[in-house]
Amino acid sequence: DARVTQTPRHKVTEMGQEVTMRCQPILGHNTVFWYRQTMMQGLELLAYFRNRAPLDDSGMPKDRFSAEMPDATLATLKIQPSEPRDSAVYFCASGRDISSTDTQYFGPGTRLTVL
Amino acid sequence: DQQVKQNSPSLSVQEGRISILNCDYTNSMFDYFLWYKKYPAEGPTFLISISSIKDKNEDGRFTVFLNKSAKHLSLHIVPSQPGDSAVYFCAASKGSNYQLIWGAGTKLIIKP
């Protein structure tokens, strides 16, 4: 049963600290998406990759967020320095292709709390 | 500016009855709509979708209706079962654009 995995599942940190979230997409999927879900909003797209290349990260605050795919089995989202307003659940999703009609498969999320 | 709106944060339905979840959108360029279901501590999972060339799509107990003139879609679940208790997200996209625009979600509670 292939699934997207994310680590850590929960992270509590203090303001100003660096946070790294990791995602392992489903083997064979060539698109990876990072989303953020806050209390009052739906899912907000932060960045996405195709074949490990970043195609769009316009949803990310560039000054503090960065997303990379060091290899096909790992995607990372970093926040440095973290701020209390970054507290949210961060989801990674993967898919077979870039078309919006392709199903995105989500990981369980990383719940981030910045104190 | 929310382009996809789910105005009911929660909905409570008796087991066995019909659940109707609503979603409104503002962008007439959207041509593909999806519903995802999310359980606590899990990521969303795809449920059902509909293209703008259709007005109805059915999959077992789940049916999605699209009213383009009203810019409104709805998800019908019949009969509702306890396992349907979850948060339901509506999402939309346009053309070949990868980006899904999501609603804030509706929490469905199925009462025994």
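Can you give me the C-alpha center-to-center distance between segment B:37-66 and segment A:46-86, rounded to a whole angstrom?
Centre-to-centre distance over Cα atoms comes out at 28 Å.
Just to be sure I understand the model, the point goes 7 Å from the Cα along the line to the Cβ. What's the resulting A:GLU68 to B:GLN81 distance in nm?
About 4.6 nm, to one decimal.
What is the local net charge at A:THR31, summed over the other residues whose Cβ is closer than 12 Å to its Cβ (Lys, Arg +1; Asp, Glu -1)?
That works out to 0.
If Lys and Arg each add +1 and Asp and Glu each add -1, what is the summed charge of the other residues whose beta carbon sits under 12 Å from the beta carbon of B:GLU15?
Combined, the nearby Lys, Arg, Asp and Glu give +1.
For B:TRP35, what accessible area in Å² do you get when you roll a 1.4 Å probe over the heavy atoms of the protein chains, rounding to the nearest 10?
About 0 Å², rounded to the nearest 10.
Just to verify a number: FRET efficiency for A:MET15 and A:THR38, C-beta to C-beta distance, R0 = 22 Å, to 0.05?
Efficiency computed from Cβ-Cβ geometry: 0.80.
How much net charge surrounds A:ASN51 when only the other residues with a Cβ under 15 Å from the Cβ of A:ASN51 are counted, with Lys and Arg +1 and Asp and Glu -1?
Result for the neighbourhood of A:ASN51: -2.
DSSP beta bridges in the protein assembly as shown, what fraction antiparallel, as a percent rounded to 5?
Close to 90 percent.
State the dimensionless ratio Rg/Rh of segment B:4-111 (Rg: radius of gyration of Cα atoms; Rh: Kirkwood radius).
Rounded to two decimals, Rg/Rh equals 0.95.
For segment A:5-114, take the alpha-carbon Rg, divide it by the Kirkwood Rh, and send me Rg/Rh.
Taking Rg over the Kirkwood Rh, I get 0.94.
Got the relative contact order for segment A:5-114 handy, in percent, Cα pairs under 8 Å and 6 or more residues apart?
The value is 37 percent.
Lys/Arg Cβ at +1, Asp/Glu Cβ at -1, dipole of the protein assembly as shown taken about the Cα centre: which of B:HIS76, B:LEU47, A:PHE65 is farthest positive-ward?
Value computed over the given set: B:HIS76.
Given +1 on the Cβ of Lys and Arg, -1 on the Cβ of Asp and Glu, and no further charges, what dipole in debye does chain B carry about its Cα centre, rounded to the nearest 20?
The calculation lands at about 120 debye.
Which pairs in the list A:LYS62/B:LYS71; A:LYS78/B:LYS71; A:LYS78/B:LYS94 are over 31 Å apart, alpha-carbon to alpha-carbon?
Pairs exceeding 31 Å: A:LYS62/B:LYS71; A:LYS78/B:LYS71.
Which three extents, in angstrom, do the Cα atoms of the protein assembly as shown have along their principal axes, listed largest first?
Principal-axis extents of the protein assembly as shown (Cα, largest first): 48, 38, 38 Å.
Considering only chain B, what is the antiparallel percent among its DSSP beta bridges, to the nearest 5?
90
The values are calculated or read from the model by the stated rules, or taken from the named source; none is laboratory data. Treat the numbers as computed from the prediction; the structure is a model and nothing was measured. Counting neighbours? That spans all protein chains shown, and the Cβs are built from the backbone with ideal geometry, glycine included. Please note that ligands, DNA and RNA were not included when accessible areas were found on the heavy atoms of the full protein model with its side chains. Shrake-Rupley method; radii C 1.70, N 1.55, O 1.52, S 1.80 Å.
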